Every structure is written in C-alpha cells, then in structure tokens.
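Asker: Before anything else, here's the structure in question.
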Amino acid sequence: MNEDEEEQSNSMSQKIDESSNGDNAEDTLKMYDNKIEGKEFQSENAKALLKQEEKVDLKRIDPNTFRLIHSFGFQSHKRSNIHFVENNIVLSSIGNVLIFLNLETSAHYYTQGIGNGSIGAICVHPSKRFIAVAENAESDPSIYIYTYPSMTLFRVLKGGAERGYSDISFNSQGTKLASVASDPDFMLTIWNWKEEAILLRSKAFSQDVFRVSFSQENDGILTTSGMGHIKFWRMSSTFTGLKLQGYLGKFGASELSDIASFMQLPDGKVLSSTETGNLLLWDGGMIKCEIGVKGKKPCHQGPIEIILLGEGEVITGGEDGFVRVWDLETIDNADVISASGEGGSSVSIPRVFELEPIDEILIAKDVKIKSITRFPSTTHDYLVQDQQGHLMKLDLHKRTSEKILSFHSGAVAGVATSPLKHQMSSLGKDGKLHVYDYVARSMVNKIHYPQGGSYISYVPANLDAMGSTVALGFTDGVIRIVSTVSTGFILQYVLKPHKKAINQIYFTSDGKYMISASEDCSIFIFNLDYKRDSDGKISLPFTKNSVSISPIGFLTFDHAVKSISQINSQDQIAGAGKKGTAIQGRRLMFNLSNGEIFSCFIPSDFSFDSTTSYEISHSVLRVENWKYKIPEKVVKEVEEEKKVEETQEHALENKTSSKSNLLSKNNLTLSVESLKKQKGLLLNGSALYYTAFYGLEEGFFLCSVMNEEKESEVRISHYINPSWSKLIATIPGKVINMHPDSTNQFLFLGTANGVSVVIRFGFAKYDLNASHLLDLHETYADYSKNMENLIQQTLIALKPDMPELNIKNPPWGIVINGQVWIGHLHDIVAGSVSAIAMSYDQSFLISSGADGGIFLWRNTTVEIEKESELENFEEHLNQFGQPEDISDPNSYSIQEAKLKSEKDKELEQAEFRKQIIRNQIHELRVEFNSIIAENENAPAGKKLDRSEICVDLFLRQDIEKMAKEKEETLHKEMAWISEKESIGPKKLYRKFLEPLQTERIEIKAFQTLASVATFRTLKLGQQLENILQPVVTHNEKATGKAEAVAENVEKAQAVTESKQDQTGANSKLNNKKIKKLEARKQLRAERTAIWKQLMDSKPDDKYQDPKDVAAIRHAINNMGDYKLKTAANYIVPGSERVDADKKKRQIMLLNESVKNLKEQFNEKVLNLRTKKVQLAELIINSNEKLNGLNQKLIALGESATYVEYKPEIEESCFPENRNIITDADIAQLQKEELENASSKKSKGDDPMGFGNVSKEKPMQKPANVKPEPVTVAESPTSSDSKTLLDSTKKAAATEQEMSETKIKIIQLQYEKTNLINAR
C-alpha cells in the first residue's frame, strides 16, 4: 500500500466505524431508498458516464437499429452467477449482458453493460434494492451500482482492479462492498460504495481468487478462496488506523486443493470445499479435520462446487450430480484425535471425521452442479445451475427436479440461419445441435453428438428446397449433413475427410462443389451431383437421392486452413489449355492460420484420378501465394515519420510538467497520431498478417490485416492487383471471421475480444471498376476524408426533402454507406465471436461466442417478412434410410480408408492364396497318413519298410540345403543387430564405468539399519598426469643440474691437478740434476703458500660489509618490515613466485591426496565385504550343523528351540553382477515381449471413412482371384508306393521342423547375447 492509499485508509477509518453501526446503517439505507429514484442523487461519475452515450456520430449506425431482444445462451461454467432479486426472478449474466428470468412466466429481460468490456461478477444487495456489476475491461474496469427495479445507474466505483474482477460481495448490512480483482493484480478491495470510496486494499493472492465473502456475524471478518488456497482476513485497528490483515490457511497433512466454495459458521469456523470431494473444517487458520463418508470415502466423487447453510443443515453440491444434506451441529463439533504413523513415528496423516449425510439426491448421471441458490420464499426449493447446460428447480422435500432452461455447455462453435425460413441452428463445443424459432424465441429441437462441434452452416437454397438442412463440422474431422424435421433429425450424409477439427464447410455459388477446411492443414474437395427440374431449378429437399456427394481429392498446406471463399465463378487462364487455348474455371482463395493467403484454380471440366490416393499436388490446381505489395516509397516515408515521432516523444520526456508544457504535449501527441494515420497503417508489406478473408465476385475479395497499432484494417482488394486496396474500416482488436449478408448490404465482423461489428457495406455502391487497376493503397487519411465528404453529400441531398434537418447537428437514423455498428455483448476475456448471421429477410441479427452466448437482435428498420409456403417434403425425406454414423474418433479418414483398403485388399488376396496352399498340403497329409496306415495293416510279405516309403529321394537334401541357406541368411541379418546391440553397452561402459576406479558399494549390517558405502572414485585422468608432469620434470631438472655442477667441479679439480702434474714434469725435464724428492717438496711448499694466502683473505665471522649495513639501516628506517615490503628494483626469484599453473598443480596434488585417502577407505570397506561374505558362509555352515543337531535332538525326544538366522548378502555389495544374465532372465524377457506383441495384435482401429468401413473383416474369397485346380498325379503302382510317398512326405516335414527349430535356437542365442550386452 502506497502513502496516498494509507492516508485515504486512515481518513476513512472513522467512516467505517460509523457505518458498522447497525442502527446508523439502517437509517442511512432508508435515506437512500427515499431518494433513490431522483436523478439529483446520482453521483457525478454516473451522470458523466451517461452523458457520454448521448453523442451523435453519423459514422456509426444508429444504436437503436439493432435492439437486443433475447439470449439463448448461458455461462454454465461461471461461479456465483445466479441470484434472486425477487421471489421468482433470477438475475444472471453472460458476456456484457444482465439477464432477468421470470421463472413463473419464462419471460426474459435484459440490460446491457455500460462499458466496452464485459461483466466479470455480479451480486445483489441484501435489501434487493441495488445490484452491483463488476466489469472486465482492457484497462481501468469499474463497478457499477444500479437501482432495482428501475436499473438506473447509481454509483460508479473506480480504481479497484487493473483489468477485471472475479467476485464481489456485500456485507450482511449492505454498507460495504468487497471486490477481488482478476489477473494480473488479484487485489482485495473494501469499498464504502455509497461514497464511491476505497476503504482498505491488499493483495489477495498471487493466483486466481474465486470467491470473497463477509462474515454474517461480523463484517470486520472476510474470507477469500481460490486456486490452491484459502485466506482469512480481519480489519484490525492499529495506531496508524484501520488495517486489513490476512493470513493463509495451512493445509498441513491434507492435500493442497483449489477451494471453489466455503461457508462461515456462526462460531467463526469455516467449512470449505475441495477438489477431492472432502470437506475441510478450518479453525484459526488451521484444518481442524477433514470430513468424509464412512469407509474413508469422500463426501462427493469429484470437486465440490457449492456449500450452503440451511436451518440447522449444510447443503453441498458437486460435479458428481449429487446434492447432499449434512447435520450442521455435527460438523461444527467435529474433531478427530491426532493420528500418528506406525511404530509411534510422527508421520503426518490427514485427520478425517467420518459422517453420513442426512439426505442425498442424484439429480441425473450427466449433471455437473456448478451453483445452487435457495428460493427466497421457501426453505426446500433450490435453483441448480448445471455445468452441462441446464438450469433446474430442485425440491428437497419431494426429491424431484425439473428443467427450466437448456443451453450449450461452454463455447458455441457457430450459429447459422435458414435461407428460406425463420429458423436458426447452433452447434456447441459440447457436441449439441440446437434448432430455434427465433421469431417465437424458443428451442424447436436438439440432439447430442459424441464429439465436439467446430463449424455449422446451412446448405444453400439452390441445393435444398426446404431450407432446413445443415452441414456440421466436428473436432474429430467428421462432416455430418443433417435435415431438421418436425419429428427430429434425419442424417443424410456422414463423411470423414479430415483427422482434426473442421474449420469451414463451403459450398460454391453454383452448388457444384463442397469444400472443407481443417486444422490438419488440408482442404478436401467434393463433387455435388443433384437433380434439377426441366427448367433447371431444384424443387426437392436435400436427400441422398436428390444430391449425391463424391470425393475428388485434397490439397495440403504447411498450416491449418481457417477459411475458404470463391472470388470468381467465371475465371480463365489464357494459353494454358491444349493448342494454347484458354482454360475456363473458378478461382478459390484460402486463409491460413499463419496469416497467409493462397489461391487455386479449378477448371470447369476438372477430373482427378483417385484410384490410389486422393492427394492433389499444388501444380494441378495452380496453387499460388498471394499478398499485398507495398511501394518502397511509402515504406521509406513511414520509416521517416517513425523517426520524427520518436524524436518528438523523446523531446517530450525532457520537458517539465507545467500547464503550458502539458498543452504542448497534447498538441504534439495529436500530431504524432496524425503522422501514424497519414500513410495508413500498412507499414511493412513483407510482414502482413491476414486474420480473416471473404471472397466477393469478379476477382474482388475482403481481407482483414493486422497493423502495428493492433488494429484490424478491413480492405477490399482485387486478385490481379496486389498493389491496390480500399479501406473499409479499422476495428480495434483481431477480426477472426468476416462475411456479408446474402444481399451484400451488411458486412459482419467478429473479433477475438468479443466484439460484434456490422458495417453498411453496399458492395454495389463502391465504384471499383477502374480504381482497382491503380497502384494505390487507400490511407486512413483518405478514408476519413472520403467518409466526411460522403456524410456531407448525403446531408445536403436530404435537405430538400427534410427542411428541419440540421446539417451541423444531424439526428440519428440517416443511412450512409460505410457506417459501423459495434456490439459489446460477448465476454472480452473468453468470448471470441465464433459466428454472426442475419435472417433471410434482414429482420434479425444473431451472434455466438466462446463464452456460451447466443444473442438475438431485432433490426428495427426492417419489418419481419412472412414465410412463404414451402411444400412439405417430410414424408419424402423419411423414405430414405439413414447411413451408419461415425462414433469412433479414431476411425479412418477417407484418405486413410483409401490407402488401407488397397493394402487390406492385397493382404486378403495373399491370405486367400496361402489358404489354398494350406488346403492342398492338408489333403496330401491325409492321403499320406492313409498310405502309412494301409502299409501297417498289410500282410508281412507285402509290408514295406518305413524307410522305403519316400516321396522324393532328394527331398531331405533339399530341406537341409534350404535350412543351411536360411541359417546363413539369419546370421547375416542378425550380425548387424548383434553388433549394434553390443556397441551400445560398450559405449555406455566407456562413458560411465570405465573411468571409475571404485564403484559405490554399500554394505549393510546383518540385523540393524547401519550401513557403510565406498566412495565413488575416478581413475587418475590424463589431464591430471599432464599437469603433474611439469612438477616432476622440474624436480628432475633441478636434481640433474646439481649433479652436473658437482661433476663440473670434480672435472675442474682434475684438470687443475693434471696441469700441475704437467708443470712438475716439465721442470724435471729442464732440471735434470734436481732430484725427485726435492721437486715434491717444492710442490708442497707452493701449495702451502697458496692455502695460506687463501686463509689470510678469509674475513672475520663477525665482519659486516659497511655497504650492506648502511643499506639495511636505510631499509629499516624507510621501508619497514622486509617480510611485507621490498625494494622497487627487487625481483622475486622464479622458484618463489606463485602463478596459476602452480596453484592448479597444487589443487591437482590435493585431489590426488584426497583420492588416495578415499581409496584407503574403500580398501577397508572391500575387506569388510569379504569378511561379511565369509561370516555369512560361516553362519550358513553353522546353521546346517545346528539343523543336524536339532534333528538328532528331535529323534531323541527333546525339543529344539533354536531359531535359525539366515544371513543375506544384498545386491548393492556386488554391483559388478549386473552383467550376469541367467536363462531365467532370458525366459522372462521373452515372455514379456510375447505378451506385448499379443496385446498389440489384439488392439485394432475400426476404419471409417466415407460412411462406415469396418477394419476387421472375415476372410472372403476375392472376386478377381480364382483358385487354381490342384491335380495329384497318382502312380499306377500298388498301395505300397502310396505308403512310400506318404512316408517320404512325413520325413521331409520332420526335417523342415528340425531346421526351423535350429533357426529358433540361433535366434535365442543372439537374443541372449544382445541381452547380456544390454545389461
């Protein structure tokens, strides 16, 4: 909370205390009630907001042209969305609309939200006099307070959220309002709503908050809950004023859960829901206990969405469809003694209090309860909101429920109107198809399909004379064409051209082709062949008999295809035909999900050979990419303008905040905005993103392009000139669908942020025949100027017929081409407009959205046209059988069925031929066995030896040769697999095990939990050896150097002595008369003189050089301690220097030391393992001896009381045993592989494509395969030769079996080898 908020909070503390007083609150409420109808009591914010809606702008369609009259939708997934304002009137909201439903008369009343956002939350004042509506908006949402029943805007609360609110709630006295913001701020705000003032604020949580509520007993206490949390709040008085303090609930041993609902008990406890189906009883921020049903079952199977407090009862509702009633006093006093884990351990176990419900009612099996509220006038009637699309009334006493309203569950995929009558249909993401009479505002019929819907459109009138047939697309890629009759629905066709959701089903204008687009990045083209009358018209309904659909083929793209449209029904390509003639045909264009546009050309006589596949190449249909061309000049000018804009904005930042500077800033901002609009907003032609597309005729089409301001520019373009476009409108947000009405008078746009747009299009009024040949993209400035000129021209033209017309201040209602109407009815967050449609007579407008809304507007400028009488063809429709529907989402598509049916056909033919051979072999075996039996029963003289009965003397050799060839082939085939399987484990071993010196070996004690494990150590790597090498080398060099010095000294001494000896020898030669003894004496005397001279030159031990003494004295006086400082010219010796290499070597040496210590420890652990194994063997041997002694004791009649202890050696002691593979392991692996193969074989998909094709069929004889006649040449010999033939066949079969067995043995050996390598 910032300082301003804190000051405001402190200043309002006194007002809170005053408003908390019950008597003052009641008096204040009466005062407001007396003046509530007076406009003078409206706040200034409310008055200013209402004045903004009174301005007339002729660029817009009169707001009263389209009037909301009904809503067929409901936000079934929204919490806290049903409230009673009177005994039988329910308030709800959807999108940006408040709905009042009278349960007695079924009448609906609507109030549209004021802002351009949508409604995030609603609540009703305890007095039923006020309704609070919290808004969701792109920025600065508000909370609007209306008076009821006048629905007059009374108060406007601002500043409570950044983008929207998730829930709001009044206190029990109605003096305060609490609101919780949605993403991104999640702020909890307490309001004095009458004064439009914020009392207290605090961040509620960091994730979604579902609900906020005051305590009924004390409005100074609040509770909020949401995603994964519940939080308890208290308004506390401090020395700085009133503060809002909150603390999160602690789940403790209970599972963390989203909390959708809670109830505050009178004594301060809180009962909350969970996702798991249990109830949580909170006391002081802690879970006192969980509440479940006896047998440790949850209260509901699935999430609990609502908890209500009755008279001594608690009512809960969940997604399982049950409403259960519980005793309040039992729940309030519920408690469980603290549980502990086994053996007295302090393991946290959820404390569950088991309780049986007083009563329970299952509304329906397919019901998912989202909300329940009690009727004000009774205690046993409840209104139930079903998440599956129903609003029901529940009577607890009678235990009955009745449906009040039905609607789609969740998003609506689309809505479409009949081309011939007042009928519309909607298809939901829930798979439901609803048919309505929008004039009577009632649902006519409905049906539920197994998969979710994705697209809906009516079959054109030129194919259906009844105007009651719809083409439906579903998320599994299935297309259903269904006719609506009074008795229900008739399925005409069911096709599956795609594997993913259908995005569009398009019928060409002449009804010759049907084309589907899908999320699987493809379009599928179908040919339509229909019966016509003699005058060329169709007067029959759409049936299988009147219209036949046959697949042609499909095109694939890199991205999903969002929309398809025809831009020219009579196009041609010059010189592309035979002999250079032109090809006639039609041109289609496609809009992809990545924003690209492609075109293709379908010749009039197009045919495609789909014998083997339906896929069509792009070259066949001349598929091309199409995009705008922006002139380089325009791009450069816009870039220069952007630079000017950036310079001006930078200049603004440096100016002061004086009043004059603020005015100059506003003017400069306007000039910058005008610069943005000057050249239009198409700044970069290479990065254009086309969000929507619709083809017109004669080569023209509409497209929506996103610009840099995140606006959608709707432009008319022409296929042959990408350098030209005309701007129709600019729409905030992203336009996701676009199409005109059947008369091209209105253009409908739907945006991703829930905005519905209607533009007076009047395509015929645009003079485009010559302008589209120019290289010019209309700019926003030109568009605005042309629109102003058109308005002035229209007013001047109307002046003679309307003398009272004020040109300067014109009224609403003047029709001008290009006017825009914008409807903010769908949800701005999750309400993207899926479809907009208009009735065939332009009297009604319908829109649908992802928020579940289906809104019906009345065009007040057009009278409702009476339906023309159509011939009743229902009897004609019912006489044709319906095709089998496709219910399996994994069924084959048309292309898959084509490819797999060909393959299945080949397999079927091969299997048939194999069966013929099998039958022949079986006949021969029977014949051979009969010969053997006849030989056995023959007399002794006529009986042949078994070896003589041989069919073919060379058969054994042939079988052995064949077996050998198979064995060699198998060796070759398995060689690569074996090598591959062996290389993999080797690589793993080299990567993970080879670098290890010691693995982790864990040894456990025999009878305790104590354990010890080795260190997992690595071998001394090459890197460490390389680093340590310089250290050894350096030491070796130092040692070698010392040895070399010593050797040099010895050599020098030897040289000196040799020289001296040489001198003595020379003197003896020169003085022959001197005796040898005298010469030696002279030599000793010379040496003595030299030694004396050396000793005399030796200084005294106490002598100090005066220079060194002076230098030391100078250093001590001027440089301090020598250990800390040194001279400037001092150089540290290399041996004493510290560098990175030395430190790295030191680290490596330390690592080596650590490794050595670990290895010493590991050696002790390994010795311990050896001792454990020896001890286990000793114990086992001792057990055997003891067992023997026990047996002897038992034999002697004495009892043996010894309890045998069996030691175990755990696997962690010997990790190297992983490579030991036993035959049992191989057998288990083969068993698992066999089970997996059999399970895969038993599974199968049911192929369904064009209609319904079964995947598994019994083998039948193919029509085009004739069995070849089998002839067996019988020998004219006796039955002995027959026996010989049979015996030879049997021997050959035995040899064949032996060779196959040998091959299987080789395969098993390879599998064993591979398994060992893998381990």
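The values are calculated or read from the model by the stated rules, or taken from the named source; none is laboratory data. Bear in mind the structure is a predicted one, so any value in this text is a computation, not a measurement. Positions of Cβ are backbone-derived with ideal geometry, glycine not excepted, and every protein chain shown enters the neighbour counts. The accessibility values were calculated without ligands, DNA or RNA, using every heavy atom of the protein model including side chains. Shrake-Rupley method; radii C 1.70, N 1.55, O 1.52, S 1.80 Å.
Asker: Kindly list, by first and then second residue, each pair from a residue in region 950-961 that is open to solvent by 100 Å² or more (accessible area, probe 1.4 Å) to a residue that is at pLDDT 75 or above, limited to pairs with Cβ atoms under 7 Å and residues at least 6 apart or on different chains.
Answerer: From region 950-961, no pairs qualify.
Asker: Still on this structure, please answer the following. Please name all residue pairs, on different chains or six or more residues apart, with Cβ atoms under 6 Å, provided the first residue is in region 606-631 and is more than 11 Å from G553 (Cα to Cα) and in a loop (DSSP other than H, G, I, E, B) and the second residue is modelled with pLDDT of 90 or more and hydroxyl-bearing (S, T, Y).
Answerer: none
Asker: Also: Taking only pairs six or more apart or across chains, which ones have beta-carbon atoms under 9 Å, a first residue in region 1156-1178 that is under 20 Å from L996 (Cα atoms), and a second residue that is part of a helix (DSSP H, G or I)?
Answerer: R1169/C1213
Asker: Of everything in region 574-602 that's over 25 Å from S516 (Cα atoms) and open to solvent by 30 Å² or more (accessible area, probe 1.4 Å), which residue is modelled with the highest pLDDT? It would help to see each step written out before you state the result.
Answerer: Filtering region 574-602 down to residues over 25 Å from S516 (Cα atoms) leaves 574-582.
Still in the list and also open to solvent by 30 Å² or more (accessible area, probe 1.4 Å): 574-576, 578-582.
Values: A574: 57, G575: 53, A576: 60, K578: 61, K579: 59, G580: 59, T581: 66, A582: 75.
This residue is A582.
Asker: Test I728 against the stated conditions and say whether it is open to solvent by less than 20 Å² (accessible area, probe 1.4 Å), within 16 Å of I567 (Cα to Cα), at pLDDT 50 or above and under 37 Å from the mean Cα position of the chain (by Cα).
Answerer: On the way: open to solvent by less than 20 Å² (accessible area, probe 1.4 Å): yes; within 16 Å of I567 (Cα to Cα): no; at pLDDT 50 or above: yes; under 37 Å from the mean Cα position of the chain (by Cα): yes.
Judged against the criteria, I728 is not a match.
Asker: Another question, if that's okay. Any chance region 175-184 includes a residue that's surrounded by fewer than 22 Cβ atoms within 10 Å (Cβ to Cβ), in contact with a strand residue (DSSP E or B) (Cβ under 8 Å, 6 or more places away or on another chain) and not in a strand (DSSP E or B)?
Answerer: No; the residues of region 175-184 include none that is surrounded by fewer than 22 Cβ atoms within 10 Å (Cβ to Cβ), in contact with a strand residue (DSSP E or B) (Cβ under 8 Å, 6 or more places away or on another chain) and not in a strand (DSSP E or B).
Asker: In addition: Strands (runs of 3 or more DSSP E) wholly in region 803-913 with at least 3 residues that are buried (at least 18 other Cβ atoms within 10 Å of the Cβ) and touching a Ser or Thr at 6+ places or on another chain (Cβ under 7 Å) - which ones? Give the derivation first.
Answerer: Working: elements: 820-824, 833-838, 844-849, 854-859.
Fully inside region 803-913 and qualifying: 833-838, 844-849, 854-859.
Asker: Give the residues of region 79-126 that are among the small types (G, A, S), open to solvent by less than 40 Å² (accessible area, probe 1.4 Å) and closer than 23 Å to L157 by Cβ, sorted by residue number. It would help to see each step written out before you state the result.
Answerer: So in region 79-126, the residues among the small types (G, A, S) come out as 80, 92-93, 95, 106-107, 113, 115, 117-118, 120-121.
Cutting the leftovers down to open to solvent by less than 40 Å² (accessible area, probe 1.4 Å) gives us 92-93, 95, 107, 113, 115, 117-118, 120-121.
Passing the criteria: S92, S93, G95, G113, G115, G117, S118, G120, A121.
Asker: With the requirement that a residue be over 18 Å from S546 (Cα atoms) and either open to solvent by less than 10 Å² (accessible area, probe 1.4 Å) or in a loop (DSSP other than H, G, I, E, B) (or both), what does region 489-506 give you? Write out each step before concluding.
Answerer: Within region 489-506, the first condition is being over 18 Å from S546 (Cα atoms), and the residues that meet it are 496-506.
Scanning region 489-506 gives K496, P497, H498, K499, K500, A501, I502, I505.
Asker: So, one more: Would you pick out the residues in region 279-301 that are in contact with an Asp or Glu (Cβ under 6 Å, 6 or more places away or on another chain) and open to solvent by 20 Å² or more (accessible area, probe 1.4 Å)?
Answerer: Once the filter is applied, which keeps residues that are in contact with an Asp or Glu (Cβ under 6 Å, 6 or more places away or on another chain) and open to solvent by 20 Å² or more (accessible area, probe 1.4 Å), region 279-301 yields K294, Q301.
Asker: I would also like to ask the following. If you go through region 52-81, how many residues are over 41 Å from the mean Cα position of the chain (by Cα) and either among the small types (G, A, S) or under 30 Å from I304 (Cβ atoms) (or both)? Don't jump to the end; show me each part of the working.
Answerer: Narrowing region 52-81 to residues over 41 Å from the mean Cα position of the chain (by Cα): 52-59, 62, 64-65.
Retained after the next criterion (residues that are either among the small types (G, A, S) or under 30 Å from I304 (Cβ atoms) (or both)): none.
Number of matching residues: 0.
Asker: Something else about it: Consider only pairs whose beta carbons are under 7 Å apart and that are at least six residues apart or on different chains; among these, list those whose first residue lies in region 568-579 and is over 17 Å from G695 (Cα atoms) and of a type in the set (V, I, T) and whose second residue is modelled with pLDDT of 60 or more and open to solvent by less than 100 Å² (accessible area, probe 1.4 Å).
Answerer: Cβ pairs passing all conditions: I573/A582; I573/I583; I573/F601.
Asker: Here is a follow-up. Within region 983-1014, can you find the residues that are within 22 Å of V1154 (Cα to Cα), open to solvent by 70 Å² or more (accessible area, probe 1.4 Å) and either part of a helix (DSSP H, G or I) or in contact (Cβ under 8 Å) with a residue 40 or more places away in the chain (or both)?
Answerer: Across region 983-1014, the qualifying residues are F992, Q997, R1000.
Asker: Out of all the residues in region 1079-1100, which are of a type outside the set (S, T, N, Q) and outside any helix (DSSP H, G or I)? Write out each step before concluding.
Answerer: Taking region 1079-1100 and keeping what is of a type outside the set (S, T, N, Q), we get 1079-1081, 1083-1087, 1089-1092, 1094-1096, 1098-1100.
Passing the criteria: K1098, P1099, D1100.
Asker: Ok, one more. Answer yes if at least one residue in region 397-407 is surrounded by fewer than 18 Cβ atoms within 10 Å (Cβ to Cβ), hydrophobic (A, V, I, L, M, F, W, C), closer than 21 Å to L103 by Cα and touching an Asp or Glu at 6+ places or on another chain (Cβ under 6 Å), and no otherwise.
Answerer: no
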